[in-house]
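Here's the structure, in structure tokens; my notes come after.
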Amino acid sequence: MKIFVIGAHGNIGQLLIPKLVAAGHNVSAGIRNEAQATEMTALGATPVSFDLTKQPKELAPLFAEHDAIVFTAGSGGKTGDDQTLLVDLDGAVKSMAAAKIADVKRYVMVSALFVEDRAKWPESIKPYYAAKYYADHWLEFSGLDWTILRPGTLTNDAGTAQFTMQPTGGKVARADVAAMIQAVLEKPEQTIHHKYSFLNGDLPIQQAIEQAD
């Protein structure tokens, strides 16, 4: 597949790209800062200057001729709530609109565990959870062939390739989130229009996905 990764320079993006490239996929790495281009090339991707503050009609040509889009971008913890709104919510929704203009149906969203339950939103990052809640909701009604991934607390631990899809709260390695993204991209017939909440656990990835279904 030809896959466009939004947020390619982020922690998950940089773990995802080598996995996709090793599997034979062609990856376009959407980056905000052109200084990051060399790193993306070294990972095997084609760097593409991509600004989520632009209008959908400006973003759409960058998606042309791609088979799938992965949204793993985020404004980051060092920005204010205004950027969370503009990137994690409005930027995500604009990328969905751009995907429709470009006629790219497949769209994988990296969200967050318990985002669908307001009672469980962490007090310290409620604006982030609100942004993710509404972005997920918009995606569900977008008409795209979506999959929503809701990992638990992210860590930089080594990947285990072991999962549970019935989480009550806990952690998951970013490397394993990248593995889950790859898995759902490569199993569209099984994962389209599904939402997966997951942590590290004791099931191999394919078995975990089948159990969740």
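The values are calculated or read from the model by the stated rules, or taken from the named source; none is laboratory data. If you're wondering where the values come from, they're calculated on a predicted model, not measured in any experiment. Don't worry about glycine lacking a Cβ; one is built from the backbone with ideal geometry, like all the others, and counts go over all protein chains shown. Areas reflect the complete protein model, heavy atoms only, side chains present, ligands, DNA and RNA absent. Shrake-Rupley method; radii C 1.70, N 1.55, O 1.52, S 1.80 Å.
Of note:
- Boolean, Leu185 is under 25 Å from Ile17 (Cβ atoms), surrounded by 21 or more Cβ atoms within 10 Å (Cβ to Cβ), in contact (Cβ under 8 Å) with a residue 24 or more places away in the chain and touching a His at 6+ places or on another chain (Cβ under 9 Å): yes
- Selected residue (only one of Trp138, Trp146 is in contact with a helix residue (DSSP H, G or I) (Cβ under 8 Å, 6 or more places away or on another chain), aromatic (Phe, Trp, Tyr) and part of a helix (DSSP H, G or I)): Trp138
- The one condition in (1) assigned to a loop (DSSP other than H, G, I, E, B); (2) in contact (Cβ under 8 Å) with a residue 40 or more places away in the chain; (3) open to solvent by less than 50 Å² (accessible area, probe 1.4 Å) that Lys54 fails to fulfil: (3)
Every residue, every condition in (1) free of Cβ contacts under 8 Å to residues at least 12 places away in the same chain; (2) over 20 Å from Arg150 (Cβ atoms); (3) not basic (Lys, Arg), yes or no:
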position: Ile101; (1), (2), (3): no, yes, yes
position: Val110; (1), (2), (3): no, no, yes
position: Phe114; (1), (2), (3): no, no, yes
position: Ala119; (1), (2), (3): yes, no, yes
position: Pro122; (1), (2), (3): yes, no, yes
position: Lys132; (1), (2), (3): no, no, no
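- Restricting attention to region 151-176, the residues that are over 20 Å from Tyr129 (Cβ atoms) and open to solvent by 30 Å² or more (accessible area, probe 1.4 Å) total 9.
- Of the residues making up region 68-84, not a single one is modelled with pLDDT of 95 or more, surrounded by fewer than 22 Cβ atoms within 10 Å (Cβ to Cβ), under 18 Å from the mean Cα position of the chain (by Cα) and of a type in the set (A, V, I, L, M, F, W, C).
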